[in-house]
Amino acid sequence: MQQIYKKLQYIISITINKEEELMRVIKKNGNAVLFERGKIQLSIERANNDVTAEEKASNDEIENIICYIEDLDKKRILVEDIQDIVEEKLIEI
């Protein structure tokens, strides 16, 4: 039983350490949440619905934008900064 307890403690400590390494997004209300690449992808895909076919971002371009944000390697980033980066990168396309 004690071995199981030690293994569980070890797994929990690894999980906590991994979460501490992940980027946090500071929302407009001040709350910090874990960065979720899927949310950015979804918002760009939704924006794609509002533009002409020529203006749409491809899946590769969306992936490049998300990777750019992740590669900033920040511990914390404002949601407004993410929005600005996405807008800048979409304009560059």
Flag for I65 being in a helix (DSSP H, G or I), open to solvent by 60 Å² or more (accessible area, probe 1.4 Å) and of a type outside the set (K, R): no
Single unsatisfied condition, S43 versus (1) in a helix (DSSP H, G or I); (2) open to solvent by 70 Å² or more (accessible area, probe 1.4 Å); (3) among the polar types (S, T, N, Q): (2)
Top-ranked residue in the range 27-40 [being touching an Asp or Glu at 6+ places or on another chain (Cβ under 9 Å) and not in a helix (DSSP H, G or I); ranked as most open to solvent (accessible area, probe 1.4 Å)]: K28
Members of the range 68-86 that are open to solvent by 50 Å² or more (accessible area, probe 1.4 Å), in contact (Cβ under 8 Å) with a residue 40 or more places away in the chain and assigned to a helix (DSSP H, G or I): E70, E80
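The values are calculated or read from the model by the stated rules, or taken from the named source; none is laboratory data. None of these values were measured; they are calculated from a predicted model. A quick note on method: Cβ atoms are made from the backbone with ideal geometry, for glycine too, and the neighbour counts reach across all protein chains shown. To get the accessible areas, we keep the full protein, side chains included, count just its heavy atoms, and leave off ligands, DNA and RNA. Shrake-Rupley method; radii C 1.70, N 1.55, O 1.52, S 1.80 Å.
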